[in-house]
Structure formats: structure tokens, C-alpha cells
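Novice: Below is the structure I would like to discuss, written out as C-alpha cells.
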Amino acid sequence: MIGLFLFLLMGVQPGPAARDIEFRADLDGSLQRYVLLLPTDFRASEAHDVLVALHGHGSDRWQFTRSDRDETRAALDAAARHNLIYVSPDYRATNSWMGPAAEADVVQIIATLKRQYKVGRVMLCGASMGGTAALTFAVLHPDLVDGVVSMNGTANHLEYSNFQEAIAESFGGRKDQIPLEYKKRSAEYWPERLTMPVAITASGQDKPVPPQSVLRLGDVLQKIGRKVLVIYREDRGHTTDYNDATTALEWALTNGKVK
């Protein structure tokens, strides 16, 4: 009931199955949370694909449940059109950057969903930090991911220079102290692991998360014969509009691995 109240307070129109889920993390025993929206036409006897939506820096699980952002509205609409189970995790909330604890939580959430429901494909999407996190998680766990949509993210933590205090907190140290951890979480170094379709949106005037690394990643993925879509807008800043986000999501859902 509290979860439903928060949805209404924030202007979200949830279905009857919208839930704010608390769980105890296997990694460290801490209490963590994610938002779950079952599709309107949910049938427990049928398989449903899952869309895991990853929020940006400074936000939490609620960012990808509010329809005031184009990226969020596109994800919610795509979930509704395709009858998806929709999950928005805290993944260690504001300073996540898909560090080890956030990674472990997302693995646990996916495993929980597969125990509780008949899950078809698992798709990841995210914007900004979430777009980065989607790529990171996909190269770390390609066996768990059937499609990725990364909006305005980075693919190279060794060259990325913003939000370094938060990233160091998440990763367990600065890049000069643990460079291999930063490389491990940089999708650009592991393109061969991206065996699933990857859709990337990037913007030429993006200052918080410059586009060069994801553009390079997209180019390499094309050269090695992977399914990849790159939407690049030279005159845009740190945002993906509704049409481009929808195009990326629809492409990934159409081209995602078949179970």
C-alpha cells in the first residue's frame, strides 16, 4: 500500500500489480529495494519478457517510474505495448555506477524474478549513469542479458573524468588505485562479450557524459558483426528524446535474443 501511495504521489499511474519490493541483499545482508510493475494483461501461466530500467546518478528506483522524462516515458510505454514485466532497481541508489554491490543486487533481482515468474527474455535499459550501468552489467553477465538500450552513457571508465568521487566510492577506490576494476566495468574493452543486440543513443553536446566511448564501442560492434543500433544527435546535450528512446527500445525488443 505504501508503494502504491508513492506512485500516486509522484504522478505515476500504476497498474494493480505495482509494488515497491524490499529484499535482503545476499552480498552483505543490507536491505535493498526495487519497483515492480506487472503488465496489465499479466498471466502467471505465460512467459513474459522483463525490462530492467536503470536510473541515473543522484536518483533512485523512482526515476524510471515517473513519466515526466522522455527516456522514462518511452520505457514505460514500451513495457505496456509489449506486455513486459517492468523492474526499476535502486542498485545501490544515488552513487551506483554499477559497482560490485550494485552488480550483485541486479543479479539477485533477476534470479528472484526467474523463480517467481515465467520469464522470457531479460532486457536492460538506462540513461546517463543507467546507460553506463546497462553496458557494464551486460559485459559482466552476458548470459543474463538478451538486449541492451544504453542512452547517453559511457563505455570507458578509465578515460571518464566526471563524478569520480561517487564512482570511487562505488568501485572501492580511485582509478589510479584499482585500474583493473575500472577496466573490468568499461564495456569498450570487452566488445566480444556483447553477444546480445545493443542500441546506443549519444549526443554531441553531452558534457556530463561525453559520447566518444560509446560511439567507438558501436563502431567496433558493427565491425565484429554484432547487432547494434547507434543513434547520434550532434546538436543535442545530455538527453535522449522520446522518439529516439522509443526507436532504440523497439529495435532492441525486436532484435533481442530469442529464447
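The values are calculated or read from the model by the stated rules, or taken from the named source; none is laboratory data. Nothing here was measured: the structure is a model prediction, and the numbers come from that model. No Cβ is skipped: glycine too gets one built from the backbone with ideal geometry, and neighbour counts run over all protein chains shown. The protein model used for the area step is the full one, side chains on, heavy atoms only, and it has no ligands, DNA or RNA in it. Shrake-Rupley method; radii C 1.70, N 1.55, O 1.52, S 1.80 Å.
Novice: Put +1 on the Cβ of each Lys and Arg and -1 on the Cβ of each Asp and Glu in the chain; which of LEU140, VAL35, VAL119 then has its Cα farthest toward the positive end of the dipole?
Specialist: Farthest towards the positive pole: VAL119.
Novice: Around ASP105, under 9 Å between beta carbons, what's the net of Lys plus Arg minus Asp minus Glu among the other residues? Display every interim value, and only then the final one.
Specialist: On the way: positive: ARG92; negative: ASP26, ASP90, GLU103.
Net charge in that neighbourhood comes out at -2.
Novice: Taking only protein heavy atoms and a 1.4 Å probe, what accessible area per residue, in Å², does the stretch 144-250 have with all protein chains in place? Kindly include the intermediate steps, with their values, before the conclusion.
Specialist: On the way: 4700 Å² over 107 residues.
On a per-residue basis, 44 Å².
Novice: Give, rounded to the nearest 20 debye, the magnitude of the charge dipole that the chain has about its Cα centre when Lys and Arg contribute +1 at Cβ and Asp and Glu contribute -1 at Cβ.
Specialist: That gives the chain a dipole magnitude of about 540 debye.
Novice: Another question about this same structure. Given +1 on the Cβ of Lys and Arg, -1 on the Cβ of Asp and Glu, and no further charges, what dipole in debye does the stretch 108-173 carry about its Cα centre, rounded to the nearest 20?
Specialist: For the stretch 108-173, the charge dipole is close to 480 debye.
Novice: Exposed loop sites here are GluC sites (Glu not before Pro) in DSSP loop states with at most 16 other C-beta atoms within 10 Å. What is the longest stretch of the chain lacking them?
Specialist: Looking at the chain, 47-158 is the longest stretch - no exposed GluC sites (Glu not before Pro) with at most 16 other Cβ atoms within 10 Å.
Novice: From the backbone phi of the stretch 158-165, what are the Karplus-calculated ³J(HN,Hα) couplings (6.51 cos²θ - 1.76 cosθ + 1.60, θ = phi - 60°) in whole Hz, Gly and Pro given as x?
Specialist: Karplus values, whole Hz, x for Gly and Pro: 6, 9, 5, 10, 8, 6, 5, 5.
Novice: Step through the table entries LYS183/LYS227; LYS175/LYS207; LYS118/LYS183; LYS184/LYS223; LYS114/LYS184; LYS114/LYS223, compare each Cα-Cα distance with 30 Å, and write down the pairs that go over it. Could you put the intermediate results ahead of the total?
Specialist: Numbers: LYS183/LYS227 23 Å; LYS175/LYS207 20 Å; LYS118/LYS183 35 Å; LYS184/LYS223 22 Å; LYS114/LYS184 26 Å; LYS114/LYS223 34 Å.
Cα-Cα > 30 Å for LYS118/LYS183; LYS114/LYS223; rest within.
Novice: Can you tell me how the chain classifies by the Cα gyration tensor, rounded, prolate or oblate, using a/c under 1.5 as the rounded cut?
Specialist: Rounded, because the longest to shortest axis ratio a/c is under 1.5.
Novice: Let me ask something else about it. Per residue, how much accessible area does the stretch 29-110 have with a 1.4 Å probe, in Å²?
Specialist: Result: 33 Å² of accessible area for each residue.
Novice: Counting only residues 5 or more places away or on other chains, whose amide H sits under 5 Å from the amide H of ILE21 once H atoms are built in the peptide plane?
Specialist: So ILE21 has HN proximity to TYR34, VAL35, LEU36.
Novice: Would you mind telling me the share, in percent, of accessible area of the chain contributed by carbon and sulfur at probe 1.4 angstrom?
Specialist: Of all accessible area on the chain, carbon and sulfur atoms account for 52 percent.
Novice: Could you identify which residue out of SER128, SER59, SER30 has the top mean-square fluctuation in a GNM of the chain using Cα springs shorter than 10 Å?
Specialist: Highest fluctuation of the listed residues: SER30.
Novice: In a GNM of the chain with a 10 Å cut-off on Cα contacts, which of ILE85, ILE178, ILE110 has the highest mean-square fluctuation?
Specialist: So, out of ILE85, ILE178, ILE110, the one fluctuating most is ILE178.
Novice: Ignoring everything except DSSP H segments at least 4 long, calculate the 222 nm mean residue ellipticity for the chain; use -39,500 (n - 2.57) per segment, divide by total residues, nearest 500.
Specialist: Calculated mean residue ellipticity at 222 nm is -10500 deg cm²/dmol.
Novice: Put a dot 7 Å past each Cα toward the Cβ at ILE224 and ARG66; how far apart are the dots in nm?
Specialist: 3.8
Novice: Let me ask something else about it. Using alpha carbons only, how many degrees (0 to 90, rounded to 10) separate the axis of helix 242-255 from the longest principal axis of the chain?
Specialist: Tilt relative to the chain: about 80 degrees.
Novice: How many percent of DSSP beta bridges within the chain run antiparallel, rounded to 5?
Specialist: Bridges in the chain are about 30 percent antiparallel.
Novice: Still on this structure: Defining a contact as two alpha carbons under 8 Å apart and six or more residues distant in sequence, what relative contact order in percent does the chain show?
Specialist: Reported relative contact order: 18 percent.
Novice: Moving to a separate point now. By accessible area of protein heavy atoms, probe 1.4 Å, what ranking do HIS238, HIS141 get, highest first?
Specialist: HIS238, HIS141
Novice: Separate question: Would you mind checking the tilt of helix 70-81 against the longest principal axis of the Cα atoms of the chain, expressed as 0 to 90 degrees and rounded to 10?
Specialist: Rounded to the nearest ten degrees, it is 50.
Novice: So for each of 150-156, 87-93 I average, over its residues, the number of other beta carbons within 10 Å; can you give me the resulting order with the highest mean first? Working shown, then result.
Specialist: Numbers: 150-156: 29.6, 87-93: 24.3.
Top of the packing list down: 150-156, 87-93.
Novice: Given a Förster distance of 41 Å, report the FRET efficiency between ASP28 and ASN83 from their Cβ-Cβ distance, rounded to the nearest 0.05.
Specialist: So, using R0 = 41 Å, E works out to roughly 0.75.
Novice: Output the 0 to 90 degree angle, nearest 10, between the alpha-carbon long axis of helix 100-116 and the longest principal axis computed from the alpha carbons of the chain.
Specialist: Between the helix axis and the principal axis of the chain, the angle is about 30 degrees.
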